[in-house]
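Have a look at the structure below before the remarks.
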Amino acid sequence: MKIRDFGVEMWMNAYENHCELNLAETCVQSLTVAELLALSGKTNVILEELLPLKLTYGAIEGSPRLRGLIAGLYDKQAPENVVVTHGAIGANALVHETLVEPGDRVISVLPTYQQHYSIPESYGADVQILKLRAENGFLPDLAELRRLSLPGTKLIAINNPNNPTGSLMDRAFLEQVAEIARAAGAWVLCDEVYRGTDQDGDGFTASIADLYEKGISTGSMSKTYSLAGLRLGWIAAPKDLLHAVSIHRDYNTISVSMLDDHFAAIALDHRARILARSQALTRGNLAILDAWVEQEPRISWVKPQSGTTALLKYDLPLSSRDFCIRLLEKTGVMLTPGSAMDMEGYLRIGYANDPAILREGLARMSKFLAEEGAAAHRHSA
Ligand SMILES: Cc1ncc(COP(=O)(O)O)c(C=O)c1O
């Protein structure tokens, strides 16, 4: 089975370990084990908890404790509506693999995580792209979604909050998406891996699993909870859908690591403290980035409402890939080129990392933009 290169992953694999200042990272600054234990008051008891654990496959669908804690992130989900997976990447792959057959109509927003259009395309689905446009604040155009949602559409894949734009669909907006999907008989897969990072309120936007009878939410510990190293995600969905997923999951997952399950449960048990840390980082850092964009004549954007990333439009005669490679070579700062996510003309910045790295990276970018701008001016004069 052929599948397109995963643009962002290839970019990361090639450059992530060669940069000095990583502004391509999409996780809220990752926690060390020591930090997680300190935040959750477990430093002195963790060995007592771990040593007696017999390392079997464990509970196949995730421990009852963890599934209960995950269900608690939603309004209407019970532990039986949750299955644990290898990251949100495993969750998304399982949903696509379970639902999509050759010839099925699948609608995916773009830009988004590439899984949502390249996997169904590789299965021979009829993939329709719903382009998110800057003039709509990078929100889906609902009239266009309605037009694309022919009766019998199998799946609509959305991503909320959105990577890379940071746009956010609120409850009322999601209800309209659900209404369109219902009329077409379509499932809605909403990749909610950044849920909990909204700039306002408690940080949590509504979840499609709570709003729509054919709504499937995927999530994970990686971004909002700063624990990508656990490789732990989940699907929250109606039980009949999970039953169908479990048939596929038996072939490629069995269970997740008992240790990852245990640490994820510790984190969710103490999520208030982790979320407070995450929101302090995402909100404080977005203010830094906002001030920088304001004073940078060659950069413009749609300011994110949520998430950890923003798309920057730049005014220089360079492809996004050339921009990023030259920036990396000259300054050590790593961004992600828009071309890696089918958004040429843009750059993606991840702003939820260490504020000192963000500040220094932005300062170096300012110098780079001034130099490149002057060179472009000389060239055109
Ligand atoms: C929108 C989106 N979905 C899924 C993933 C995969 O996340 P995980 O680490 O949980 O597998 C990512 C990672 O960048 C993402 O941005």
Query - For LEU145: the one exception among (1) hydrophobic (A, V, I, L, M, F, W, C); (2) within 16 Å of the ligand (Cβ to nearest atom); (3) open to solvent by less than 10 Å² (accessible area, probe 1.4 Å) - result: (2)
Query raised in the report: Limited to region 11-34, what total is found for residues that are modelled with pLDDT of 95 or more and open to solvent by 50 Å² or more (accessible area, probe 1.4 Å)?
Result: 6
Report task. Assess whether TRP234 counts as being surrounded by 15 or more Cβ atoms within 10 Å (Cβ to Cβ), under 20 Å from ILE349 (Cα atoms) and not small (Gly, Ala, Ser). Result -> no
Report summary line: Of (1) surrounded by fewer than 17 Cβ atoms within 10 Å (Cβ to Cβ); (2) assigned to a loop (DSSP other than H, G, I, E, B), TYR74 satisfies every one except (1)
Query - Total residues in region 368-381, condition of a type in the set (Lys, Arg) and within 16 Å of CYS324 (Cβ to Cβ) - result: 0
Query - Top-ranked residue of region 289-313 - restricted to ones that are surrounded by 15 or more Cβ atoms within 10 Å (Cβ to Cβ) and over 21 Å from the mean Cα position of the chain (by Cα), ranked as farthest from ASP198 (Cα to Cα) - result: ARG298
Report task. Please go through region 5-41 and pick out each residue that is part of a loop (DSSP other than H, G, I, E, B) and more than 13 Å from the ligand (Cβ to nearest atom). Result -> ASP5, CYS19, GLU20, LEU23, GLN29, LEU31, THR32, SER40, GLY41
Report task. Kindly establish whether LEU286 is of a type outside the set (Ser, Thr, Tyr), in contact with a Leu (Cβ under 9 Å, 6 or more places away or on another chain), in a helix (DSSP H, G or I) and crowded, with 21+ Cβ neighbours inside 10 Å. Result -> no
Query raised in the report: If you check every pair at least six apart or on different chains, which have Cβ atoms under 8 Å apart with a residue in region 81-102 that is more than 8 Å from the ligand (Cβ to nearest atom) first and a residue that is among the polar types (S, T, N, Q) and in a helix (DSSP H, G or I) second?
Result: VAL83/SER246; ALA93/GLN115; LEU94/ASN252; HIS96/GLN115
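Among the candidates SER108, SER122, single out the residue that is open to solvent by 10 Å² or more (accessible area, probe 1.4 Å), within 24 Å of GLU344 (Cβ to Cβ), away from the ligand (no atom under 11 Å from the Cβ) and of a type in the set (S, T, N, Q). Show your work before the answer.
Working: SER108 fails: open to solvent by 10 Å² or more (accessible area, probe 1.4 Å).
Result: SER122 is the single residue among SER108, SER122 that is open to solvent by 10 Å² or more (accessible area, probe 1.4 Å), within 24 Å of GLU344 (Cβ to Cβ), away from the ligand (no atom under 11 Å from the Cβ) and of a type in the set (S, T, N, Q).
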Report task. Only strands (runs of 3 or more DSSP E) wholly contained in region 155-248 count here; list those with 1 or more residues that are more than 15 Å from the ligand (Cβ to nearest atom) and of a type in the set (Phe, Trp, Tyr). Result -> 187-191
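Being of a type in the set (D, E, K, R) and exposed (fewer than 13 other Cβ atoms within 10 Å of the Cβ) is the filter here, so list the residues in region 35-68 that pass it.
Quick first cut of region 35-68, residues of a type in the set (D, E, K, R) only: 35, 42, 48-49, 54, 61, 65, 67.
Hits for region 35-68 are GLU48, GLU49, LYS54.
The values are calculated or read from the model by the stated rules, or taken from the named source; none is laboratory data. Just so it is clear, the model here is predicted, and its values are computed rather than measured. Glycine also receives a Cβ, built like all others from the backbone with ideal geometry; neighbour counts cover every protein chain displayed. These accessible areas exclude ligands, DNA and RNA; they are computed on the full protein's heavy atoms, side chains included. Shrake-Rupley method; radii C 1.70, N 1.55, O 1.52, S 1.80 Å.
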